[in-house]
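Have a look at the structure below before the remarks.
The values are calculated or read from the model by the stated rules, or taken from the named source; none is laboratory data. Note that this is a predicted model, so its numbers are computed, not measured. Because the Cβ atoms are built from the backbone with ideal geometry, glycine has one as well, and the counts that use them run over all protein chains shown. For the accessible areas, the whole protein counts, side chains as well, though only heavy atoms, and no ligand, DNA or RNA atoms are used. Shrake-Rupley method; radii C 1.70, N 1.55, O 1.52, S 1.80 Å.
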Amino acid sequence: MKITFVLPTLSLIGGMRVLSIYTELLQKRGHKIFIVSMPLPQPTLLQQLRSLLRGRGWLSAPKTQKSHFDMVDVESRVLETYRPLTDLDVPDADIVMATGWETAEWVAKLSPSKGAKVYFLQHYEAFDYIPKGRVEATWWLPMHKIAVAQWLADIARNEYGDLSVSLVLPTVDTKQFYDPQSRVKQPRGKQLVPTVGMYYTTTPWKGCDLLGLKAFSIAAKKIPNLRLVAFGSGHDSPLPHLHEGTEYSKEPTQDQLKEFYSKCDSWLFSSSSEGFGLPILQAMACGTPVIGTPAGAAPELLAGGGGILVKPEDPEDMAKAIEQICHLSDAEWPAMSETALQTVINYTWEDATNLFEAALYAALERQAQLTNKTYKLRLI
């Protein structure tokens, strides 16, 4: 197949990681991928004025930023400005895929020659800062939908009546995320000093300050030597918020992430809203149990016992889970660690790509049926 992915600005977010892996694996299977993406946002007039008033001068426009597609050999195009897509921007193909609500609006208006239209559902984007009516309208569009989590598939079916939505869960690369001790055949055990880990950001819906850090503070009162390990994206200023003695790394490399997951007895997933929640799988691939809220795919991923599901926005409940895992015996903790690991290694990227590829073929079949139905109606 010839497949076009219509993407927002390329970056290091989890959704880009997933699509970059699908791109690489689909091309190895003989499919041809073309990427169309948006340029980096330019400084607004208000931002320029503020910079001038503060004596910082005129802000230069950013040109590039790191992306999960940097190491993928794929034909791509970045539009010259952030604007709606047109037929002139994309090649004729078998499939053209929208990857967010705004790209779905654009893809819906493309001509049939650009391919069967697919909507890759990575989140329900009806956020307060986004026009909810437009988001909802895209879910009604006659595109074949591929959902990354069960809750998204349920919304498509139950609220928008789409009975043909495909559920394709992502996974993680166990060549990148693993416990380094396992490579020297040393089974994972509890840390000598009880240790909790988390990704830190000031983004409100990630719940780091209001849930994760509060839960750690409560647990630390009962476990005096409890240690916190954290890393961030580099855009936030966490030090005033994090506890004294926290081991924090600003923007570690992708290859360094496994070191953070592997040095923890448990990993906190405190989000109130997530499309999927890849850090859950990344931690579990390193053999680290996850304490998580029921956001994204957490309910399914933690159901097998590789972690503990806690009440949303309840620091006391998360603190109890931290205590529970820290107090596991030297036999009980490795069992939970192994369960977490097995959750990941039994579902590979090849498995996920099989399902993703099948969903694309289903989109082609659906388009063929619609075209045939339309042709018959014209004859009548």
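Please verify whether the range 344-355 includes one or more residues that are open to solvent by 60 Å² or more (accessible area, probe 1.4 Å), at pLDDT below 95 and in a helix (DSSP H, G or I).
So far as the range 344-355 goes, yes, one or more of its residues are open to solvent by 60 Å² or more (accessible area, probe 1.4 Å), at pLDDT below 95 and in a helix (DSSP H, G or I).
Please work out if W106 is among the aromatic types (F, W, Y), buried (at least 20 other Cβ atoms within 10 Å of the Cβ) and within 24 Å of I33 (Cα to Cα).
no
Does V148 qualify as being under 18 Å from the mean Cα position of the chain (by Cα), on the phi < 0 side of the Ramachandran plot, of a type in the set (A, V, I, L, M) and at pLDDT 95 or above?
The answer is yes for V148.
One residue is enough: does the range 46-53 have a residue meeting the conditions part of a loop (DSSP other than H, G, I, E, B) and open to solvent by less than 70 Å² (accessible area, probe 1.4 Å)?
Within the range 46-53, none of the residues are part of a loop (DSSP other than H, G, I, E, B) and open to solvent by less than 70 Å² (accessible area, probe 1.4 Å).
Conditions first: (1) more than 22 Å from the chain's Cα centre (by Cα); (2) open to solvent by 40 Å² or more (accessible area, probe 1.4 Å); (3) free of Cβ contacts under 8 Å to residues at least 60 places away in the same chain. P142 passes all but one, so which condition is the exception?
Of (1) more than 22 Å from the chain's Cα centre (by Cα); (2) open to solvent by 40 Å² or more (accessible area, probe 1.4 Å); (3) free of Cβ contacts under 8 Å to residues at least 60 places away in the same chain, only one is false for P142: (3).
Give just the number: which of (1) farther than 30 Å from P279 by Cα; (2) of a type in the set (S, T, Y); (3) within 26 Å of the chain's Cα centre (by Cα) does T23 not satisfy?
(1)
Spot the failing condition for K311; the list is (1) closer than 21 Å to W151 by Cβ; (2) in contact with a Leu (Cβ under 8 Å, 6 or more places away or on another chain); (3) open to solvent by 60 Å² or more (accessible area, probe 1.4 Å), and only one is missed.
Result: K311 fails condition (2) only.
Please go through the range 61-85 and give me each residue that is open to solvent by less than 100 Å² (accessible area, probe 1.4 Å), polar (S, T, N, Q) and either free of Cβ contacts under 8 Å to residues at least 40 places away in the same chain or in a loop (DSSP other than H, G, I, E, B) (or both), ordered by number.
Listed by number, the residues that qualify are Q65, S67, T81.
So if I check each of D173, D209, which one is out of contact with any Lys or Arg (no Cβ under 7 Å at 6 or more places or on another chain) and farther than 27 Å from K311 by Cβ?
D173
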